[in-house]
Amino acid sequence: MRVLITGSSGQIGTNLALRLIGDGHDVFGVDKRRNPWTGEFDYLLQDLAGHYPAFAGGIGGVEYPEVDVVVHMAAHAKVHQLVRQPHRALENAIMTFNVLEYCRELGLPLVFSSTREVYGDVHRFEEYGEASADFAYTESPYSASKITSEAFIYSYARCYGLRYLVFRFSNVYGRYDTDLARMTRVLPLFMHRLSRGEPITVYGGNEKVLDFTHIDDCVSGIARGIEALGAERVQNETINLAYGQGNTLVRAAQLIAAELEVEPQIMFAPSLLGEVTHYVADISKARDLLGWEPTTPLDQGIPKAVGWFREWRSAHPEEDAAFTEERIEGEIEHGFKQPAGAGA
């Protein structure tokens, strides 16, 4: 198939593009920044967040090559940045609208990257199934932007016959995720700081439980979805893609430290505004519909991720420098999340 990927310079977009090329598909990317990881596929530099008129050949009057399916991953994905700058959440919704109009004009199916953030941070479920999302518990402008995008997609399916798959990801890690200046992800940040002998901070302490998903498992699920959607075997479904097992963030930090052969200095602080502090996915729907099964538990994924980190850092020693985490600014400006039941 001919696949258009928006957000093709990001971690998941890059890995997915290379996987699809390896599977024999043609890939064209759209992103507003250059891809620092690979030059193995063509892409267009374009910001999709503008208010563009309808144009059948592409978005914003830009002609795209002919494609069979669109994978929309472009988004502002820094949760804490969107707490401080909520207009970026609106831009996420605008990007999705522009992509939907492009798909509507050409009758193209859409794969959308959503997030576990849509479930909020209420500890009501041991495992979160796709029907558990309760939008009254929206935690942040980022999660609101994904909820809005999902709602747009469902409405386009009903009104215009859009065929879609929505994937809800959870803490994807590994390969092509070390661009900390652009996107502060917790596990590569821990790798960076622990490798330099610096302390790390775990927001939420040992109570924070997340469902970490290795990048290979993630792109395997997406690739299966793209092929199933293209063949019209599976369509108009919302599916969790995760490992399906919870781990504390403290355990993840300890695994990283062990792989780096360092003694971790771990500090604890309350969770920050907008954070989800407990999530374990129900992945039975992905198994049933796509025949997909994750194969990389955290204790196997961390060595892979650290191995790639070391390889990339060896080739790019200029990145071995002190890094001021953007979250620190969030603490200063917005304070910490209140415990459940607290507040005015």
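Scan segment 259-299 for residues that are open to solvent by less than 60 Å² (accessible area, probe 1.4 Å), closer than 27 Å to residue 201 by Cβ and outside any loop (DSSP other than H, G, I, E, B) and jot them down. Across segment 259-299, the qualifying residues are 260, 266, 269, 272, 278, 281, 298. If only residues of segment 73-108 that are of a type in the set (S, T, N, Q) and in a helix (DSSP H, G or I) are counted, the one that is surrounded by the most Cβ atoms within 10 Å (Cβ to Cβ) is 96.
Out of curiosity, is residue 178 in a loop (DSSP other than H, G, I, E, B) and on the phi < 0 side of the Ramachandran plot? Taking the combined requirement at face value, the residue satisfies it. So which of 239, 256, 302 is aliphatic (A, V, I, L, M), crowded, with 18+ Cβ neighbours inside 10 Å and part of a strand (DSSP E or B)? Unique residue meeting the criteria: 239. Within segment 305-344, being surrounded by fewer than 13 Cβ atoms within 10 Å (Cβ to Cβ), modelled with pLDDT under 50 and outside any loop (DSSP other than H, G, I, E, B) holds for 328, 332, 333. For segment 1-15, filtered to residues that are farther than 16 Å from residue 68 by Cα and in contact (Cβ under 8 Å) with a residue 60 or more places away in the chain, the residue that is surrounded by the fewest Cβ atoms within 10 Å (Cβ to Cβ) is 15.
With respect to (1) touching a helix residue (DSSP H, G or I) at 6+ places or on another chain (Cβ under 9 Å); (2) modelled with pLDDT of 95 or more; (3) surrounded by 15 or more Cβ atoms within 10 Å (Cβ to Cβ), the lone exception for residue 23 is condition (3).
Just one of (1) out of contact with any helix residue (DSSP H, G or I) (no Cβ under 9 Å at 6 or more places or on another chain); (2) surrounded by fewer than 18 Cβ atoms within 10 Å (Cβ to Cβ) fails for residue 233. It is (1).
Would you point out the residue of segment 28-45, among those that are crowded, with 18+ Cβ neighbours inside 10 Å and not β-branched (Val, Ile, Thr), that is nearest to residue 66 (Cα to Cα)? Going through the qualifying residues, I end up with 28. Within segment 201-221, restricting attention to residues that are within 19 Å of residue 308 (Cβ to Cβ) and either of a type in the set (A, V, I, L, M) or not in a loop (DSSP other than H, G, I, E, B) (or both), the residue that is most open to solvent (accessible area, probe 1.4 Å) is 216.
The C-beta contact set for segment 72-84 (first residue farther than 23 Å from residue 98 by Cα and touching a residue at least 40 places away in the same chain (Cβ under 8 Å), second residue open to solvent by less than 30 Å² (accessible area, probe 1.4 Å) and not in a helix (DSSP H, G or I), distance under 7 angstrom, 6+ apart or interchain) comprises 80/272; 80/274; 83/140; 83/274.
Within segment 242-251, the set of residues being assigned to a helix (DSSP H, G or I) and either crowded, with 20+ Cβ neighbours inside 10 Å or touching a residue at least 60 places away in the same chain (Cβ under 8 Å) (or both) comprises 249 only. The residue of segment 4-21 that is nearest to residue 59 (Cα to Cα), among those that are outside any helix (DSSP H, G or I) and of a type in the set (S, T, N, Q), is 6.
The values are calculated or read from the model by the stated rules, or taken from the named source; none is laboratory data. Bear in mind the structure is a predicted one, so any value in this text is a computation, not a measurement. Every residue, glycine as well, gets a Cβ built from its backbone with ideal geometry; the counts of neighbours run over all protein chains shown. For the accessible areas, the whole protein counts, side chains as well, though only heavy atoms, and no ligand, DNA or RNA atoms are used. Shrake-Rupley method; radii C 1.70, N 1.55, O 1.52, S 1.80 Å.
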